[in-house]
Amino acid sequence: MRLHDYAPRPAHIKWLLDSDSAIRWQIMRDLTGETPEAIAAERSRVATEGWGAQLLARQSPAGHWGGGPKWDLITLYSLVVLKDLGLDPASEEARQMIDRVDKGLVFKPLNNRPYLHGETEPCINGRILGIGSYFKEPNDALANQLLGEQLEDGGWNCEAPKSRRSSFHTTICVLEGLLEYERAGRKSLAVTEARKRAENYLLERRMSRSLRTGEVIDKRWLRFSFPAFWHYDVLRGLDYLRDAGIKPDSRVSDAIETVMERRHQNGRWPLNLLHPEHIPLEMETGVGRASRWNTLRALRVLRWYNN
C-alpha cells in the first residue's frame, strides 16, 4: 500500500467532524485547513460543550478530580486530557479551573508543596510542567530539576538513580512538558539541547526498538489508546515529533509502517486497548471499535511524514 492511499477521504473527514468539538477543531487545524477564525470558534466550544465541559464540571470545589489516595494522579490525568482536548487556557472556564488547582492542591508528604510545583518523579513532573506552562505559567525550578535528571543516554527514568537506563514512558512525558515550557516563552539553549538529546534517544531506537538487538522492546507500544496516561506507544511518540516540528527521516519508517498497518479496511483506526488508569469521563471505550482520537492522530502523523 502506498502512503498517499492513506490520505484522508471526504467520508473519513465527515465521520471525524460528526463528533465532539475537541475532535472537530483539531481536524479543522490539522487536516482541512480552515481559517484561524473558524478554528478558534470551534475550539471555544470545548469549554462549554461535550467532553471538555463534562470534565470541567467534575472538578471538585477544592480543585481535584477523584477521591481517595489516588486523587493526585486522577487530577493529573484529568488536566492532561483537558489540555489534549485543546481547552483554551485563556477561557474563563480554564482560568477558574487552574486557579482552583493552584490555590487548593498540595502534596502533603512533600511539606505541602503546591501541586503545580511538582513532586519527585520525572514522569509526573514532565506532565505537571506541561500543564502549568499551558494553563498557568512555566515553572523554571521544575524545568531545571528535570534538566538535572536527564540520563547519559538522553532520556529520563522514574527509577533513577537505581536505573541509569532511560524509559520510553518517562521520556515522552518529559519531552511533552519541555515542549510546552518552551512554547510558554522559556526557550533556551539548555532546554533545546535537552529535548534534542531525548528526541534522538527515541529516534536512534526507531521509536520502539532495542539498540542492542533491534527487536521491538514491548509489543504493547504497537497498540494505540487514548488517553495514554503515562504509557508510551509509537503513535504518541510520532505525534510528539510532528507537534514539535521535527523533520521525519528513515528512523521513523518502522513506526510509520506500524501506523499504516493498524488501519482497518474502512479507513479508520481502532482503539487497540484501554489502560487501567482512569479519569471521570468516558470518551471512547469500545476496544476494537473505530476510534476518532486514533484516526485523527494517525492521519495527521501520516500527513506530517508525507510532507
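The values are calculated or read from the model by the stated rules, or taken from the named source; none is laboratory data. Computed from a predicted model, the values in this text were never measured in an experiment. Please note: Cβ atoms are built from the backbone with ideal geometry, for glycine as well, and neighbour counts cover all protein chains shown. Note: areas computed on protein heavy atoms with side chains; ligands, DNA, RNA excluded. Shrake-Rupley method; radii C 1.70, N 1.55, O 1.52, S 1.80 Å.
Here are the numbers for this structure:
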read-out: Some residue of segment 135-143 being surrounded by 14 or more Cβ atoms within 10 Å (Cβ to Cβ) and either in a strand (DSSP E or B) or within 17 Å of the chain's Cα centre (by Cα) (or both); value: yes
read-out: Candidates R212, R206, R268 - the one that is over 20 Å from the mean Cα position of the chain (by Cα), assigned to a loop (DSSP other than H, G, I, E, B) and over 27 Å from M283 (Cα atoms); value: R212
read-out: Hits in segment 50-65 (condition: in a loop (DSSP other than H, G, I, E, B) and either farther than 13 Å from P280 by Cα or touching a strand residue (DSSP E or B) at 6+ places or on another chain (Cβ under 9 Å) (or both)); value: P61, A62, G63
read-out: Residue in segment 174-190 that is farther than 24 Å from E137 by Cβ and touching a Cys at 6+ places or on another chain (Cβ under 8 Å) present; value: no
read-out: So G185, is it open to solvent by less than 40 Å² (accessible area, probe 1.4 Å), within 28 Å of R95 (Cα to Cα), modelled with pLDDT of 95 or more and assigned to a helix (DSSP H, G or I); value: no
read-out: Within segment 66-112, tally of residues that are surrounded by fewer than 22 Cβ atoms within 10 Å (Cβ to Cβ), among the small types (G, A, S) and in a helix (DSSP H, G or I); value: 3
read-out: For S225: the one exception among (1) part of a loop (DSSP other than H, G, I, E, B); (2) without any contact (Cβ under 8 Å) to a residue 12 or more places away in the chain; value: (2)
read-out: Any hit, segment 163-178, residues being in contact with a strand residue (DSSP E or B) (Cβ under 9 Å, 6 or more places away or on another chain), open to solvent by 20 Å² or more (accessible area, probe 1.4 Å) and at pLDDT below 95; value: no
read-out: Residues of segment 228-252 satisfying the condition of being without any contact (Cβ under 8 Å) to a residue 40 or more places away in the chain and on the phi > 0 side of the Ramachandran plot; value: G245
read-out: Spans of helices (runs of 4 or more DSSP H) in segment 7-49 with at least 3 residues in contact with a Leu (Cβ under 8 Å, 6 or more places away or on another chain) and either among the β-branched types (V, I, T) or modelled with pLDDT of 95 or more (or both); value: 21-30
read-out: Total residues in segment 259-303, condition buried (at least 21 other Cβ atoms within 10 Å of the Cβ) and touching a Ser or Thr at 6+ places or on another chain (Cβ under 7 Å); value: 4
read-out: Flag if G154 is open to solvent by less than 20 Å² (accessible area, probe 1.4 Å), in contact (Cβ under 8 Å) with a residue 24 or more places away in the chain and either part of a loop (DSSP other than H, G, I, E, B) or of a type in the set (K, R) (or both); value: yes
read-out: Those residues of segment 237-258 which are open to solvent by 50 Å² or more (accessible area, probe 1.4 Å) and outside any helix (DSSP H, G or I), in sequence order; value: G245, K247, D249
read-out: Segment 196-213 - residue that is open to solvent by less than 20 Å² (accessible area, probe 1.4 Å) and out of contact with any strand residue (DSSP E or B) (no Cβ under 6 Å at 6 or more places or on another chain) and, of those, nearest to D243 (Cα to Cα); value: E199
